[in-house]
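*Asks:* Quick one: this structure, given as structure tokens, is what I'll be asking you about.
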Amino acid sequence: MVFGICNLSIVPLRATASHKSEMVSQVLFAEQFEIIEEQEEWSHIKMFETGYEGWIQKGQYALANEIENAAPMARQAFIVDLGGAIAQSPIRRVQLLPGTRIDVNDNTFSAEEWFEIEGKMRMPTLKDFDTEFPKLIDYYKDSPYLWGGRSRYGIDCSGLSQAIYRHFGLVLPRDAYQQAEIGQVVDFLTEIQPGDLAFFDNSEGRITHVGIMVDSEHILHASARVRVDKMDSEGIFNSELNRYTHKLRIVKRYFI
């Protein structure tokens with residue numbers, strides 16, 4: 001197997017090998033993947049953390065060292081905090097986005113480049129959830145919606161839940177319907193706790209949206225922009241539009 005590692009701050013992951021193709025997700029600095037297939041300008045990859053697949057342009061990643069790369073999540077890592085960080089190598093300087101995962105002892109980074117990281121890092125833990133979660137709400141609030149996005153400069157609904165959970169060391173699948181397949185069901189809305197995920201379906205019963213509960217009555221989600229709205233048993237109520245915009249399907253809990 002051939003492994004790759006992203007050596008830029010954030011790059012698009014596309015459905016097919018074309019710049020015109022749909023962006024299905026994004027790849028952050030230091031995220032690792034298996035290279036499944038290669039074309040002249042593109043590589044078909046499979047992400048290690050989530051198993052998500054897509055096409056990345058050559059020149060937006062480096063070949064990775066093989067040692068331990070097959071199980072990167074088993075290694076201890078830091079998360080870039082909300083202030084961001086800088087990755088410095090002899091040939092490039094990369095601005096790192098909050099949520100970027102950096103292996104503690106990864107001194108070689110890849111077969112091609114070395115990087116030194118400068119900036120505030122945190123060891124992901126749930127112990128400080130009560131103090132860190134409000135900071136994350138403020139950080140992402142009013143970020144523009146972007147299909148496939150994973151940063152405050154553009155993010156989609158499942159990218160938002162994935163990014164916030166990543167801050168606490170929890171890895172979620174990429175898409176909302178995949179996230180809905182795991183976790184424990186919260187039976188009653190009165191039992192909702194901050195951090196629970198609420199899922200919403202369309203008229204065909206397909207999960208199409210996810211948000212993160214701020215408390216039992218308010219939800220953080222990405223719809224046109226990242227916003228906090230009221231939620232009840234019917235769904236999300238948008239006060240600006242004066243109507244319900246998303247129909248509630250289920251609420252799930254991923255940590256106690």
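The values are calculated or read from the model by the stated rules, or taken from the named source; none is laboratory data. What you are looking at is a predicted structure, and each value in this text was computed from that prediction instead of being measured. No Cβ is skipped: glycine too gets one built from the backbone with ideal geometry, and neighbour counts run over all protein chains shown. For the accessible areas, the whole protein counts, side chains as well, though only heavy atoms, and no ligand, DNA or RNA atoms are used. Shrake-Rupley method; radii C 1.70, N 1.55, O 1.52, S 1.80 Å.
*Asks:* Counting only residues that are more than 19 Å from Y52 (Cβ to Cβ) and of a type in the set (A, V, I, L, M, F, W, C), which one in segment 177-188 is surrounded by the most Cβ atoms within 10 Å (Cβ to Cβ)?
*Replies:* V186
*Asks:* Right, something else. Restricting to segment 211-225, count the residues that are touching a His at 6+ places or on another chain (Cβ under 6 Å) and open to solvent by 60 Å² or more (accessible area, probe 1.4 Å).
*Replies:* 0
*Asks:* Return yes or no: is E191 open to solvent by 40 Å² or more (accessible area, probe 1.4 Å) and touching a strand residue (DSSP E or B) at 6+ places or on another chain (Cβ under 9 Å)?
*Replies:* It is true that E191 is open to solvent by 40 Å² or more (accessible area, probe 1.4 Å) and touching a strand residue (DSSP E or B) at 6+ places or on another chain (Cβ under 9 Å).
*Asks:* Do we find a residue being modelled with pLDDT of 95 or more and in contact with a helix residue (DSSP H, G or I) (Cβ under 9 Å, 6 or more places away or on another chain) anywhere in segment 232-239?
*Replies:* Checking segment 232-239: at least one residue is modelled with pLDDT of 95 or more and in contact with a helix residue (DSSP H, G or I) (Cβ under 9 Å, 6 or more places away or on another chain).
*Asks:* Count, please, the residues in segment 1-42 that happen to be without any contact (Cβ under 8 Å) to a residue 24 or more places away in the chain and of a type in the set (K, R).
*Replies:* Counting residues in segment 1-42 that are without any contact (Cβ under 8 Å) to a residue 24 or more places away in the chain and of a type in the set (K, R) gives 1.
*Asks:* Follow-up question, since we're still on this one. For residues that are over 15 Å from L136 (Cα atoms) and either open to solvent by less than 80 Å² (accessible area, probe 1.4 Å) or touching a residue at least 12 places away in the same chain (Cβ under 8 Å) (or both), tally how many sit in segment 226-243.
*Replies:* Going through segment 226-243 one residue at a time, the tally reaches 10.
*Asks:* So, one more: Within segment 163-184, does at least one residue satisfy the condition of being over 26 Å from P12 (Cβ atoms), touching a Lys or Arg at 6+ places or on another chain (Cβ under 6 Å) and in a strand (DSSP E or B)?
*Replies:* yes
*Asks:* May I pose another question? Go through segment 137-171 and count every residue that is modelled with pLDDT of 95 or more and open to solvent by 40 Å² or more (accessible area, probe 1.4 Å).
*Replies:* So the count comes out to 9.
*Asks:* Could you tell me whether segment 201-210 includes any residue that is touching a residue at least 60 places away in the same chain (Cβ under 8 Å) and open to solvent by less than 30 Å² (accessible area, probe 1.4 Å)?
*Replies:* no
*Asks:* Would you call R174 in contact (Cβ under 8 Å) with a residue 24 or more places away in the chain, charged (D, E, K, R) and surrounded by fewer than 20 Cβ atoms within 10 Å (Cβ to Cβ)?
*Replies:* no
*Asks:* Let me ask another. Suppose we keep only residues that are part of a loop (DSSP other than H, G, I, E, B) and in contact (Cβ under 8 Å) with a residue 24 or more places away in the chain within segment 52-66. Which one would you say is most open to solvent (accessible area, probe 1.4 Å)?
*Replies:* E66
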